[in-house]
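Since the structure comes first, as structure tokens, the remarks are kept for the end.
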Amino acid sequence: MSRPWILIPVRNRQATTLACLAALRANGDLADCGVIVVDDGSSDGTGDAVRAAFPEAVVVRGDGQLFWTGAIARAMREAAARGAGILFWLNDDCRPQAGALRALRNFLEKKPAALAGPRCLNAATGATVPTGFSGRRIFSAAAGEIRPVQGLSGFCVGLGADVAGRLGPPDAENFPHYGGDTAYTLRASRAGCTVALVGDAVVQLLDGGGGPAALRDRVRAGESLAENWRRIFSATNSPYRLRTLFALQRLKYGAATGSVLALARATGWMAGMAWTKARG
């Protein structure tokens, strides 16, 4: 059976990245799996530090414009060239607990056309963080439970050996940073892949699993309305990027309904930005 590979996108978080790899080594995961770290243009020496401390890691250098989805796509192509079977997406601020990746692997070895996510916990509080979704509802999984869902957040996701060949890499054009995980796992579900949460796999989220900052907190009083608009609604790595919003709503609900829903949400966002800017 082909070796599994862990795919980690990173940028300018050297200490966090090294701690993630150290945790994987302590769990025995680096002995069981290959690891590809995509360093997307870090200026803090992350790539060189990884090479020095973890010579078993494959470090791929990006130009700073890959962002999350592009880095994952790049890592998936690199893994495919190395004959990878099962793949694990892993953010460097996630800490799989001992046996977590093995539990996901056990599930995926039985279901090669499947994607599997772990039970995620807030590292600071221990609270469960729902990371699976079906429609508009979000879910976690209890210990011992396998919960089918339609899609997964990309903190930590295992892809069965047949998935990448069936779907290819994620769409980095429409979903360059936010939404790449949602779109890919939903598309997999619609293509007939099993998508599930595996309750016996436990991962801690150092950032607590919280979402991006509220739109009102992104508005800058010192910038013009046009400058705020470009940074909030056009920037590649913005959670409020309009191209991503329209693409995701159309994927979820179809071209016509999705466009109407996206337009309504975009209108609300833009009105909220203008109102916040006017106040302040």
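The values are calculated or read from the model by the stated rules, or taken from the named source; none is laboratory data. The structure presented is a predicted model; accordingly, all values stated were derived computationally and were not measured. No Cβ is skipped: glycine too gets one built from the backbone with ideal geometry, and neighbour counts run over all protein chains shown.
Details
- Matching residues, segment 151-196, being over 9 Å from the mean Cα position of the chain (by Cα) and closer than 18 Å to Arg241 by Cα: Pro170, Asp171, Ala172, Glu173, Asn174, Phe175, Pro176, Ala183, Tyr184
- Flag if Arg187 is charged (D, E, K, R), in the same structural domain as Asn27 (by TED's automatic domain parsing) and either touching an Asp or Glu at 6+ places or on another chain (Cβ under 9 Å) or part of a strand (DSSP E or B) (or both): yes
- Counted residues, segment 251-260 - those being crowded, with 18+ Cβ neighbours inside 10 Å and without any contact (Cβ under 8 Å) to a residue 60 or more places away in the chain: 1
- Total residues in segment 29-54, condition surrounded by 19 or more Cβ atoms within 10 Å (Cβ to Cβ) and among the polar types (S, T, N, Q): 2
- Selection of strands (runs of 3 or more DSSP E) fully inside segment 59-147 by the criterion of at least 3 residues being of a type in the set (A, V, I, L, M, F, W, C) and in contact (Cβ under 8 Å) with a residue 24 or more places away in the chain returns 87-90, 114-122.
- Whenever a residue of segment 233-248 is within 17 Å of Gly268 (Cβ to Cβ), it has no partner that is part of a helix (DSSP H, G or I) and polar (S, T, N, Q) lying with C-beta atoms less than 6 angstrom away and at least six residues away or across chains.
- Pairs with Cβ under 8 Å, 6+ apart, first in segment 207-228 and in contact (Cβ under 8 Å) with a residue 24 or more places away in the chain, second among the acidic types (Asp, Glu): Asp207/Asp93
- Single residue of Leu205, Leu225, Leu215 found to be within 17 Å of the chain's Cα centre (by Cα) and either buried (at least 16 other Cβ atoms within 10 Å of the Cβ) or at pLDDT below 95 (or both): Leu205
- Just one of the listed residues (Ser2, Ser42) is in contact (Cβ under 8 Å) with a residue 40 or more places away in the chain and small (Gly, Ala, Ser), and it is Ser2.
- Unique match (being farther than 22 Å from Gly151 by Cβ, aliphatic (A, V, I, L, M) and either buried (at least 22 other Cβ atoms within 10 Å of the Cβ) or in contact with a helix residue (DSSP H, G or I) (Cβ under 6 Å, 6 or more places away or on another chain) (or both)) among Ala57, Ala81, Ala116: Ala57
- Here Arg220 meets each of (1) over 27 Å from the mean Cα position of the chain (by Cα); (2) surrounded by fewer than 12 Cβ atoms within 10 Å (Cβ to Cβ) with one exception, condition (2).
Yes or no, residue by residue, for (1) among the aliphatic types (A, V, I, L, M); (2) modelled with pLDDT under 95:
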residue: Ser238; (1), (2): no, no
residue: Leu248; (1), (2): yes, no
residue: Leu251; (1), (2): yes, no
residue: Ala255; (1), (2): yes, no
residue: Gly258; (1), (2): no, no
residue: Thr267; (1), (2): no, no
residue: Ala271; (1), (2): yes, no
residue: Gly280; (1), (2): no, yes
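- Residue match in segment 92-101 (condition: under 19 Å from the mean Cα position of the chain (by Cα), in the same structural domain as Tyr178 (by TED's automatic domain parsing), closer than 18 Å to His177 by Cβ and aliphatic (A, V, I, L, M)): no
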